[in-house]
Amino acid sequence: MKTPAKLPIGIEDFKKIRTEGFYYVDKTGMITELLNNWGEINLFTRPRRFGKSLNMSMLKYFFSFGCDPELFQGLAVAEERELCEHYMGKFPVISITLKNAEAQNFKKAQALLCSIIGSEALRFQFLMDSERLSAEEKERYRRLIHTDADSLQEFPMSDDVLKGSLRTLSQLLCRHYGQKAILLIDEYDVPLDRAQQNGYYDEMVDLIRSMFGQALKTNESLQFAVLTGCLRIAKESIFTGLNNLNVISITDDLFHEHFGFTDAEVKALLEYYGLHDKYSDLKEWYDGYRFGETSIYCPWDVINHVSRLRVNPDARPRAYWINSSGNSIIRTLLQKATPQTRMELDRLVNGDAVIKKINEELTYRELYDSLDNLWSVLFTTGYLTKKAEIDLNTYELVIPNREIRMIFTEQILDWFQKEAREDAPALDAFCEAFCQGDPAAIEHQFASYLKKTISIRDTAVRKERKENFYHGILLGLLSHREDWLLLSSVESGIGYSDILIELPDKNIGIVIEIKYSESRNLEAACQKALEQIEEKNYADRLMEDDMDTILKYGIACRRNTCMVRMAESERY
């Protein structure tokens, strides 16, 4: 039996995937579409982890001199014989990625860019011996060679040389080969993002604008260029005077299926690994992004989860994207949120849509200036997706899938708990009400807290998940008391109680059972919770730990309301 292909987790080198036995979802149709829909300078904006870097690697191998046709054997582009004859392996290709251009200050960032471009220039050391280059041109090449970001003095690259480096390298390659060069720049906006975060944005904008301007504007040695990034940075910020820029964003129909996985591609992958019965889980968790009019899955999530399923067919879906993408944008939105914004977040988490006008041309300086800009960033970076187009640049936006909904919920809960902890006296009083046996005070304060956060009312959400949400809120509030022993979902009696609390200095034990009420009859839900405490003997663990007094609370929640009932306290 043939060994199944390996899954390419984190592998962005096209050649490695094609030659070392990895599963590959064919995206070579992008090459055909790129050439048939000609653009001299092409900018693709997509969220992180949607295959931008792998596609750039694919382009590099296809167009570069010395291309091995076997790499593309059996793939869609190989069927375009005339296109392959004219373009495959016919160009010098300059390929850089700026995804690692992260630094705390401008000097270090400048050194990193020197290193990145110098390392790429080193691939073309034959230029030093080229009979087609003059001594002066070889000296220009020598100034580009730079591989160590900490050795600028040994390999000096002046500011002017760095700014003109991409143009210079394309000119030298064009002179040597007699063929115009192709320029690929992956994650072009990362240096700008880091510069804004670390306070050297103006200097970095000046540098990047000059580098890109010289390389992309009226460069007669350039065949075409492809850039990728998360955001479409405003023309006046980076692409000044660049009138030949062809921007393909997530709202465009062109190239819609070449980043991320389509439904058919996910079904084929699951069928290949004998996991077709897991389709509904993957669709619920990782589908839902809309590129143009096409529904797209996040490939990073799909590959990671299928890899886990091959080891454990019962593995439950989890959030993989959250570990590969910062979520500061949601935290910033919450910090700036008005009551209206919080209502909109409530609607989003519950599966509803919000209508927003989207500005796809922002500068990094503007990203956090207003709530309107934050909504635009949430959309372009994949936290929200288009449900419908209302008007020009105005969309109905929704959370794309369960994974992103979970990210929103966790970030909102984290923000809420931090807000609650800022009023320590109120939180102390709330916690103290539990050990004093005061259900009325608990109910009053818990209801007040619930009104400050979102609610879970989505009819598509299982009751168990709704209860878990309120469980999480209460647990976060009670964890304020560091002198309490707080146990969550722990085995006790003949089941697992929601929350057990031990106060060793007072020998008081507390049992809390939480129910979500689908109706307005919160009283019945509270009684059911108290009955479950008795039927399942949830107090057993507390008695085993020699708690003298046991307090039992049934708490019912519905949206932003609650009710608290208490059984008679028992002494042992």
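Residue-wise test of (1) surrounded by 21 or more Cβ atoms within 10 Å (Cβ to Cβ); (2) farther than 22 Å from D252 by Cβ.
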| site | (1), (2) |
| --- | --- |
| L371 | no, yes |
| S376 | yes, no |
| F379 | yes, no |
| E389 | no, no |
| N393 | no, no |
| P400 | yes, no |
| R405 | yes, yes |
| F408 | yes, yes |
| L413 | no, yes |
Would a scan of the stretch 237-252 turn up a residue that is at pLDDT below 95, within 23 Å of the chain's Cα centre (by Cα), of a type in the set (D, E, K, R) and open to solvent by 20 Å² or more (accessible area, probe 1.4 Å)?
yes
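Here is a yes/no grid of residues against (1) in contact (Cβ under 8 Å) with a residue 60 or more places away in the chain; (2) open to solvent by 10 Å² or more (accessible area, probe 1.4 Å); (3) within 24 Å of W415 (Cα to Cα):
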| position | (1), (2), (3) |
| --- | --- |
| E464 | no, yes, yes |
| G472 | no, yes, yes |
| L478 | no, no, yes |
| V490 | no, yes, no |
| D505 | no, yes, no |
| S519 | no, yes, no |
| L522 | no, yes, no |
| L542 | no, no, no |
| C562 | yes, yes, yes |
Can you pull out the residues in the stretch 534-556 that are closer than 27 Å to R465 by Cβ, modelled with pLDDT under 95 and of a type in the set (A, V, I, L, M, F, W, C)?
A539
Of all residues making up the stretch 20-67, the number that are in a loop (DSSP other than H, G, I, E, B), more than 23 Å from L270 (Cβ to Cβ) and aromatic (F, W, Y):
2
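Identify the residue in the stretch 492-503 that is under 17 Å from I442 (Cβ atoms) and free of Cβ contacts under 8 Å to residues at least 40 places away in the same chain and, among all such residues, is most open to solvent (accessible area, probe 1.4 Å).
D498
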From the list I514, I510, I533, which residue is over 30 Å from L348 (Cβ atoms), among the β-branched types (V, I, T) and not in a helix (DSSP H, G or I)?
I510
Condition check: under 25 Å from I322 (Cα atoms) and among the hydroxyl-bearing types (S, T, Y). Does T28 satisfy that?
no
Yes/no for Q335 being of a type outside the set (F, W, Y), open to solvent by 30 Å² or more (accessible area, probe 1.4 Å), free of Cβ contacts under 8 Å to residues at least 12 places away in the same chain and more than 26 Å from D252 (Cβ to Cβ)
no
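Search the stretch 68-99 for residues being small (G, A, S) and part of a helix (DSSP H, G or I), and hand back the single one that is surrounded by the fewest Cβ atoms within 10 Å (Cβ to Cβ).
Taking the stretch 68-99 first, the residues small (G, A, S) are 74, 76, 78, 89, 95.
In the following step, the residues that additionally are part of a helix (DSSP H, G or I) were identified as 76, 78.
Values: A76: 14, A78: 17.
Taking the candidates together, the pick is A76.
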Do you know which residues across the stretch 100-118 are surrounded by fewer than 22 Cβ atoms within 10 Å (Cβ to Cβ) and part of a loop (DSSP other than H, G, I, E, B)?
N100, E102, A103, Q104, N105
Would you be able to say whether some residue in the stretch 282-293 is hydroxyl-bearing (S, T, Y) and open to solvent by 10 Å² or more (accessible area, probe 1.4 Å)?
no
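The values are calculated or read from the model by the stated rules, or taken from the named source; none is laboratory data. Everything numeric here is computed off the predicted structure, so don't read it as measured data. FYI the Cβ positions are ideal-geometry reconstructions off the backbone, even for glycines, and counts take in every protein chain you see. Just the protein is used for accessible areas: all its heavy atoms, side chains included, with ligands, DNA and RNA removed. Shrake-Rupley method; radii C 1.70, N 1.55, O 1.52, S 1.80 Å.
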